[in-house]
Amino acid sequence: VPSLPTPDLVAALAAIVGAEHAIVDPDIVGSYVTDWTGRFHGDALAVVRPHTVGEVAEVVRWCAAHGVAITTQGGNTSLVAGAVPQQSVVLLTRGLNDVGPLDPDAGQITVGAGVTLAAVHAAVAGSGWEFGVDLGARDTATIGGMVATNAGGIRVVRHGTMRANLIGSEAVLGTGDVISHLGGLAKDNTGYELGALLCGSEGTLGIVTAVRLRLVRSFAERVVALVGVANVAEAVALAGHLRRTVDSLDALEVMVAPAMAVVAEHLATSAPFADAGAVLLVEAAADHDPTETLAAALNGREAIVATDRAGRARLWRYRESQTEAIGRRGVPHKLDVSVPLAATAAFVDDVMALGREHSAEVFVFGHLGDGNLHVNLLGPAPDDERLDELVLRLVASRGGSISAEHGIGRAKRQWLHLNRSPAELDAFRRVKAALDPAGILNPGVLLPD
Ligand SMILES: Cc1cc2nc3c(=O)[nH]c(=O)nc-3n(C[C@H](O)[C@H](O)[C@H](O)COP(=O)(O)OP(=O)(O)OC[C@H]3O[C@@H](n4cnc5c(N)ncnc54)[C@H](O)[C@@H]3O)c2cc1C
């Protein structure tokens, strides 16, 4: 049963952000309490929409003083229920939407936390620079959410995760203190890197309000190829070969056969390489057309290739529509994991076998260049986590991570101990206590009880 907001809370939020941005209408509040997959539901006391860092700080100070929890929400595309509230105020960051200035010599841009990834790409287009992080939820995911989760995506193989592309941040800590480090110095070793600490902290230490991003130079020419391979072992070997030989390699994705079939059905088309055990999607980008370099590296293998924008987008649909295609079939359990490359093929075989044993459909795709696989399970009821646990234990036993890029959120915190020692978890708790002493920021997310 959702709690009702107290008159004090409503009046305090309205005094800080204005009555129109302090929302308690249950119909509107109700639209912010379910995660992107539809698997996790929560409840909220109110929704608050600040537009400045000062407003965020005032909201946090009031909530800290009154013991009211805050769940920060950007685009709500989290795949681990990180932005689902529980008896808390939902703080929407989308009003923090300043874009720029862009420094064309330094190759940096400052943006508000509520700006979408697509808006950042649009803002830097034509400047000679690009933002080196990209992912399928680009139209909705916000930069603040991506920093909070240290998002990865499809270009990590070349440019790294959010942390590698972050020069500085501005944030409000759980105390209500504002820390700001947006000066854009590429070299700055003056103590603890708080921005890097907040990056990946999933909103449990502070609310990111703005960031300074590192840009990468843009390339005029791109090529995308789909390549069918017999099995995952061959995909891993080919991926290693491409990483060694194609210096313009920009993305390296994999779709294991059942995932390829389900997306083809969703797109109402036939699956390319119908007999293949897995399909690789490879993108290369350079100043001059990289098609020949890629073709040479593929060494006579059959491939479907596109260099024009529309053709490339058509090939990317097989990869980027995966999440949607699986979501259409049911409510998936999404496990985003990484295992050492050498263990990848055996891991996929074992996961498929587990699926068969438990009458679950298993769809595996992911960022093979980074050893990152998205394991999607269909069949178990939303609250039946027995198969999830078996898969995550398998991951840990093979030296992998139970969360490669989506974070821990609410969905995986009971299994964090599979990857983190008691000493590490203790250190996590002490950092949390220092930066959020009242424990109001995203309780129930990341840290086990
Ligand atoms: C189709 C699809 C494809 C995806 N592909 C990828 C992918 O390739 N790689 C990848 O890494 N992820 C991917 N994701 C997951 C998701 O897009 C990322 O986790 C993204 O970073 C979330 O951004 P958001 O703005 O939607 O954050 P939300 O979902 O709103 O929040 C995510 C977490 O960050 C916290 N948070 C949000 N904003 C802030 C802030 N300003 N300050 C502090 N904490 C904050 C929230 O409390 C929550 O814990 C995908 C999701 C979908 C739906």
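Which of the residues spanning segment 334-358 are under 15 Å from Gly379 (Cβ atoms) and modelled with pLDDT under 95?
Lys334
State which residue is surrounded by the fewest Cβ atoms within 10 Å (Cβ to Cβ) when the search covers only segment 146-168 and only residues that are farther than 12 Å from Asp134 by Cβ and near the ligand (Cβ under 9 Å from one of its atoms).
Asn150
Pick out, from segment 305-389, the helices (runs of 4 or more DSSP H) lying fully within it that include 1 or more residues that are more than 28 Å from Asp134 (Cβ to Cβ) and touching a residue at least 24 places away in the same chain (Cβ under 8 Å).
344-357
Would you pick out the residues in segment 111-137 that are buried (at least 20 other Cβ atoms within 10 Å of the Cβ) and within 25 Å of Val56 (Cβ to Cβ)?
Within segment 111-137, Val111, Gly112, Ala113, Gly114, Val115, Thr116, Leu117, Val120, Phe131, Val133, Ala137 qualify.
Looking at segment 49-135, what strands (runs of 3 or more DSSP E) fall wholly within it and have at least 3 residues that are without any contact (Cβ under 8 Å) to a residue 24 or more places away in the chain and more than 11 Å from the ligand (Cβ to nearest atom)?
none
Would you check if Ala251 is touching a Gly at 6+ places or on another chain (Cβ under 8 Å), in contact (Cβ under 8 Å) with a residue 60 or more places away in the chain, part of a helix (DSSP H, G or I) and small (Gly, Ala, Ser)?
Here the answer is no, as Ala251 does not meet what is asked.
Just to be sure before I move on: is Gly184 within 30 Å of Ala434 (Cβ to Cβ), more than 16 Å from the ligand (Cβ to nearest atom) and part of a loop (DSSP other than H, G, I, E, B) in the structure I sent?
Yes; evaluated as a whole, the condition is true for this residue.
The values are calculated or read from the model by the stated rules, or taken from the named source; none is laboratory data. This is a predicted model, so every value here is computed, not measured. When we count neighbours, we look across all protein chains shown, and the Cβ atoms used for this are built from the backbone with ideal geometry, even at glycine.
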